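Notes for the one structure printed next.
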Amino acid sequence: MDFGLSFSFIFEDADWFKKIAIAALVSLIPIVGPFVVAGWGLQVTKNVIDGKLRNALPDLDFGADLGRGFMSFLIGFIYSLPGMIVMGIAVLPFVFADGVNEEWVRLILILVGVGLVLIGILFAILISLLTVVGIANYIAKGRFGAAFNLKEVFGMLKKSFGSWLLVFLGEILTMSIIAPLGTVVCFIGVFLTTAFAIAVYSHMIGQAYNQSQPATPVLGEMETL
């Protein structure tokens, strides 16, 4: 996985600033803006999946990008439901501990609660990885149901776990560090750096998806089959 290319490909586009600026301005639109920009980023993912690694930065297509962005949000919400349930269960021992008078019982409940929270955190990380893989599969196949083909999703995560873990870390880097850098410049700078971060992160997703696919036999291998 070429981590550096996910940053440098943007600057190889002659119109990179215009494309980033348009995405940043659209993100200012209440409610729908973030969906549009998310969908625009996923078009970067699709371009990478299609082999356009160095020519992946798209022009913004409001209607199509809005649809992709909303569908990815819906996929993420559905995947998050099990995690919400697990974390809800994890807080129950703490709730019960408040109503217990015996110290040893309260201690046991707190320890159980801590254990469940740790399990919940690990489960949440797994769900986050599966969500990204599911969204990538939806983008690649163009079918909503592809996001929930768990056999394919788990298979891709297993085949290239390291790449998807890099994507997870890349999300933290881009959204938690790069995106907020715009505050140093001015208010609109936040939206410029956020659009930039989305493009970088989306490029990583496309690369990870490609690496999680079965290797295509070369001509000599095909002739021996």
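All but one of (1) modelled with pLDDT under 90; (2) surrounded by fewer than 15 Cβ atoms within 10 Å (Cβ to Cβ); (3) not hydrophobic (A, V, I, L, M, F, W, C) hold for residue 171; which doesn't?
(2)
Taking the conditions exactly as written (free of Cβ contacts under 8 Å to residues at least 60 places away in the same chain, over 22 Å from residue 3 (Cβ atoms) and surrounded by fewer than 20 Cβ atoms within 10 Å (Cβ to Cβ)), does residue 154 satisfy them or not?
On the way: free of Cβ contacts under 8 Å to residues at least 60 places away in the same chain: yes; over 22 Å from residue 3 (Cβ atoms): yes; surrounded by fewer than 20 Cβ atoms within 10 Å (Cβ to Cβ): yes.
So residue 154 passes the test.
Has the range 66-78 got any residue that is within 30 Å of residue 115 (Cα to Cα), part of a helix (DSSP H, G or I) and of a type in the set (Ser, Thr, Tyr)?
Within the range 66-78, not a single residue is within 30 Å of residue 115 (Cα to Cα), part of a helix (DSSP H, G or I) and of a type in the set (Ser, Thr, Tyr).
It is to be established whether one or more residues within the range 133-145 are under 15 Å from the mean Cα position of the chain (by Cα), over 18 Å from residue 69 (Cβ atoms) and polar (S, T, N, Q).
no
Can you spot a residue in the range 56-68 that is charged (D, E, K, R) and more than 26 Å from residue 196 (Cα to Cα)?
Looking through the range 56-68, none of the residues is charged (D, E, K, R) and more than 26 Å from residue 196 (Cα to Cα).
Taking only the range 29-65 into account, find how many residues are surrounded by fewer than 17 Cβ atoms within 10 Å (Cβ to Cβ), part of a helix (DSSP H, G or I) and in contact (Cβ under 8 Å) with a residue 24 or more places away in the chain. Break it down into steps so the answer makes sense when it comes.
Looking only at the range 29-65, we keep the residues that are surrounded by fewer than 17 Cβ atoms within 10 Å (Cβ to Cβ), and these are 29-32, 50-52, 54-55, 59, 61-64.
Right, trim to part of a helix (DSSP H, G or I) and you get 32, 62-64.
Then drop every residue that is not in contact (Cβ under 8 Å) with a residue 24 or more places away in the chain, which leaves 32, 62, 64.
The qualifying residues number 3.
Does any residue of the range 74-84 turn out to be modelled with pLDDT under 95, over 30 Å from residue 213 (Cβ atoms) and of a type outside the set (Phe, Trp, Tyr)?
Yes: one or more hits.
Please identify the pairs in which a residue from the range 103-128 that is under 22 Å from residue 83 (Cβ atoms) and at pLDDT 90 or above has its Cβ atom under 6 Å from the Cβ atom of a residue that is buried (at least 16 other Cβ atoms within 10 Å of the Cβ) and hydroxyl-bearing (Ser, Thr, Tyr), counting only partners at least 6 apart or on another chain.
127/79
Residue under question is residue 136, and the condition is that it be among the small types (Gly, Ala, Ser), in contact (Cβ under 8 Å) with a residue 24 or more places away in the chain, crowded, with 19+ Cβ neighbours inside 10 Å and assigned to a helix (DSSP H, G or I); does it hold?
Against the criterion (among the small types (Gly, Ala, Ser), in contact (Cβ under 8 Å) with a residue 24 or more places away in the chain, crowded, with 19+ Cβ neighbours inside 10 Å and assigned to a helix (DSSP H, G or I)), residue 136 qualifies.
Specify the residue that is surrounded by the fewest Cβ atoms within 10 Å (Cβ to Cβ); the eligible residues are those in the range 77-132 that are within 21 Å of the chain's Cα centre (by Cα) and among the aromatic types (Phe, Trp, Tyr).
Applying the filter and picking the extreme gives 77.
Residues in the range 9-28: is at least one within 17 Å of the chain's Cα centre (by Cα), at pLDDT 90 or above and buried (at least 20 other Cβ atoms within 10 Å of the Cβ)? Before the answer, list the steps.
Within the range 9-28, the subset within 17 Å of the chain's Cα centre (by Cα) is none.
Looking through the range 9-28, none of the residues is within 17 Å of the chain's Cα centre (by Cα), at pLDDT 90 or above and buried (at least 20 other Cβ atoms within 10 Å of the Cβ).
Enumerate the pairs (first residue in the range 202-225 and within 26 Å of residue 133 (Cα to Cα) and outside any helix (DSSP H, G or I); second residue anywhere and at pLDDT 90 or above and of a type in the set (A, V, I, L, M)) with beta-carbon separation below 8 Å, excluding pairs fewer than 6 apart on the same chain, so at least 6 apart or on different chains.
Partner pairs satisfying both residue conditions: 212/133; 212/156; 212/157; 213/156.
The values are calculated or read from the model by the stated rules, or taken from the named source; none is laboratory data. Here the structure is a predicted model, which is why all the values come from computation and not from measurement. No Cβ is skipped: glycine too gets one built from the backbone with ideal geometry, and neighbour counts run over all protein chains shown.
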